[in-house]
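The values are calculated or read from the model by the stated rules, or taken from the named source; none is laboratory data. What you see is a predicted model, and the numbers here were worked out from it, not measured in a lab. Every residue, glycine as well, gets a Cβ built from its backbone with ideal geometry; the counts of neighbours run over all protein chains shown.
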Amino acid sequence: MYEVRFHGRGGQGAVMAAQALASAAFQEGGYATAFPFFGAERRGAPVLAFTRIDKKKIYRKTQVQEPDFVVVLDESLIEGVNVVEGLKKGGIVIVNSAKSPGEIDVGMDVKLATVDATSVALEVLKQPATNSAILGAFAKATGLVKIESIEKGIIQIFGDRLGPKVGDLNAKAARTAYDRTVVGESHGHRVLTTAKKWLPDVSEMPIGAASLPMKTEAGLVGPGSFVENKTGSWKVFHPEYDKEKCTMCNFCWFYCPEGCIYRKEDRMEFDMEYCKGCGICANECPADALKMVR
């Protein structure tokens, strides 16, 4: 049996990727199961998804603790999550990154493949949905399933839910990523630590909504706890500010859903540690003083 663990963020499609991989294995006459695990169920929060593939029926329903392959849809997760935890000897890691395999440090010496799945998605799909592209990289790096089977699996899973045209485009993204994937070696120097719990248990929760933030093993919880979770690493685009065009109308400040924009006497300032790159500020700016850049 082969076991695959997907690391992604809410909204990146890790669950659909796991299901499409299972469908691809089925196309080749195998058995497969796929299922997710959610922590904090919100867009951008870390999520896990799992796929098991075998030549015989699969009865195991637990989470994958010792994967043969690890797929990382968001490179920023490597900073806060031990993505290689439990990885079997000889296992392979696939990362969405513009870097070469040797530039990625996951904390251990391992065979590692990289592909700039975000660029592929923007090019082919016109949006940063990397789940189909990363499956093309998986096929190239592991050889576990053929790229043709990956394409069929994507067309089935994505096409059934989002329509045939979307299925075909995502299959194209997988093929493009397959051709651009670089397979190499990564040498780990990062100190591996046990990941924090995503949610505190009931005994750690502050009493009442008006309580002050309190420290737990999971970090800060309660009102104002967002300051510890620097969500800026989640974004694909960020606002670029042109002070000369700015009329100080404050529309960007008013509309920013994250409160990342601050008014100064003669300019606006942007906190990129928390900006998620939604683009609302640029859309609302009447002076065209903001544009979203990669």
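Okay, here's what the table says:
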read-out	value
Condition met for residue 52 (crowded, with 20+ Cβ neighbours inside 10 Å and among the basic types (Lys, Arg))	yes
Selection count, segment 74-100, where residues are at pLDDT 95 or above and touching a Gly at 6+ places or on another chain (Cβ under 8 Å)	1
Residue in segment 115-140 that is modelled with the lowest pLDDT, counting only those that are within 26 Å of residue 27 (Cβ to Cβ) and of a type in the set (Val, Ile, Thr)	130
Some residue of segment 101-116 being under 20 Å from residue 10 (Cβ atoms) and either touching a residue at least 12 places away in the same chain (Cβ under 8 Å) or assigned by TED's automatic domain parsing to the domain that holds residue 233 (or both)	no
Tally, over segment 226-251, of residues that are of a type outside the set (Phe, Trp, Tyr) and over 27 Å from the mean Cα position of the chain (by Cα)	9
Selection from segment 224-262 of residues that are touching a residue at least 40 places away in the same chain (Cβ under 8 Å), touching a Gly at 6+ places or on another chain (Cβ under 8 Å) and either part of a loop (DSSP other than H, G, I, E, B) or in the same structural domain as residue 118 (by TED's automatic domain parsing) (or both)	235, 236, 237
Options 163, 143, 219, 184; residue that is in contact with a helix residue (DSSP H, G or I) (Cβ under 9 Å, 6 or more places away or on another chain), modelled with pLDDT of 90 or more and surrounded by fewer than 17 Cβ atoms within 10 Å (Cβ to Cβ)	184
Close pairs from segment 263-275: first outside the structural domain of residue 237 (by TED's automatic domain parsing) and without any contact (Cβ under 8 Å) to a residue 24 or more places away in the chain, partner in a loop (DSSP other than H, G, I, E, B) and surrounded by 11 or more Cβ atoms within 10 Å (Cβ to Cβ), Cβ under 8 Å, at least 6 apart	none
The listed residue being modelled with pLDDT under 90, part of a loop (DSSP other than H, G, I, E, B) and under 14 Å from the mean Cα position of the chain (by Cα), out of 42, 60	42
Residue in segment 88-100 that is nearest to residue 118 (Cα to Cα), counting only those that are surrounded by fewer than 21 Cβ atoms within 10 Å (Cβ to Cβ) and of a type outside the set (Gly, Ala, Ser)	99
Matching residues, segment 156-173, being small (Gly, Ala, Ser) and closer than 12 Å to residue 19 by Cα	none
The lone exception for residue 51 - which of (1) of a type in the set (S, T, N, Q); (2) over 23 Å from residue 151 (Cβ atoms); (3) in contact with a strand residue (DSSP E or B) (Cβ under 6 Å, 6 or more places away or on another chain) it fails	(2)
Residue list for segment 263-293, filter: part of a loop (DSSP other than H, G, I, E, B) and surrounded by 17 or more Cβ atoms within 10 Å (Cβ to Cβ)	274, 275, 276, 277, 278, 285, 289
Selection within segment 31-59 - farther than 14 Å from residue 13 by Cβ and free of Cβ contacts under 8 Å to residues at least 24 places away in the same chain	59
Within segment 238-265, tally of residues that are closer than 13 Å to residue 291 by Cα, touching a helix residue (DSSP H, G or I) at 6+ places or on another chain (Cβ under 6 Å) and among the hydrophobic types (A, V, I, L, M, F, W, C)	1
